[in-house]
Amino acid sequence: MERPVLRIDHLTVRYGKTCDYCRNGGKLNKNTCPHCKTVWACNDVNVSLYEGEILGIVGESGSGKSTLMKSLYFDFGITEGKGYLKDFQNGEEDIFSQSLQQKKYIKNHIMGMVYQNPMLGLRMDYSSAGNIAEKLIAAGHRNFGKMNERVSELLDAVEILQSRKKEPPKNFSGGMQQRVQISKALANNPAILLLDEVTTGLDLSVQARVLELIRKIRQEFNISIMLVSHDLAVIRMLADRTIVMLDGKIIEQGLTDQILDDPQQPYTQQLVHSLL
């Protein structure tokens, strides 16, 4: 059986001290304990991502989608759970219990992240080339000529003119900022790309170009992608499999067509029908 490139087991992210009630599986009010007010942002989440696949993650605001993504990229700590990457220690060591240095290695070599808000993923005052070079330098590159070549290659891949590579992202439109973020995330040929609501707030025509770019990147680089979106049209267009999250838990998962054409859970049915 094919090994996943990423496996997450029992991931839990909690904010609060917890009490006997919520620790022992008491009924939460959405994702919050009615007694101690602890928030269970992710609650016992299990995920596998396979080579070359796009895994869609959908759910309403506050369902835990972004918490899951940012936990994977070590933006904040987890409460419980384990994670394994095929390209790190042959998938045998838990990534969440690694040292800061090893986590940096994983972020710089194995994973790339594109945030909904480009200000989280880019230095707005650096040039576009400087943003990409920063990621290359973090992974140990030192040869200026080779880095310059790689920057040009990446900007071409995301359709940004070479004549604009010295411009800072703050001069760019939202769609162009997302494309610079994508090129930075791809700098070191990561095995996994994490995309968190990358088309939210963009005009439809710009959205279409960014989505086409994601599709092209998957084909060219055979990269595995986790894609968070609240837009089911985006998920239908791109995702092979889809996970539905609600109140910090996965409530349904399967092939995208199956989830969207024949949803089993009342919440998923409601989600799909609200967009028909």
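Values in this text are rule-based calculations from the coordinates and carry no lab data. Values in this document were obtained by computation on a predicted structure and should not be read as measured data. We place every Cβ from the backbone using ideal geometry, glycine too, and count neighbours over all the protein chains shown.
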Residues other than residue 246 with Cβ under 15 Å of its Cβ, Lys/Arg counted +1 and Asp/Glu -1, net out at 0
Any GluC sites (Glu not before Pro) in segment 113-212 that lie in a DSSP loop and have at most 13 other Cβ atoms within 10 Å would be 159
Protection proxy (average C-beta count within 10 Å per residue), highest first, orders 58-65, 19-26 as 58-65, 19-26
Most packed first (mean Cβ within 10 Å per residue), the peptides 28-37, 94-103 order as 28-37, 94-103
Projected convex hull area of segment 75-193, Cα atoms, direction-averaged, in nm², equals 7.9
Lys and Arg at +1, Asp and Glu at -1: neighbours of residue 168 with Cβ under 9 Å from its Cβ sum to +1
Counting lysine pairs in segment 51-198 that sit 8 or more positions apart or on different chains, with Cα atoms under 15 Å apart, gives 15
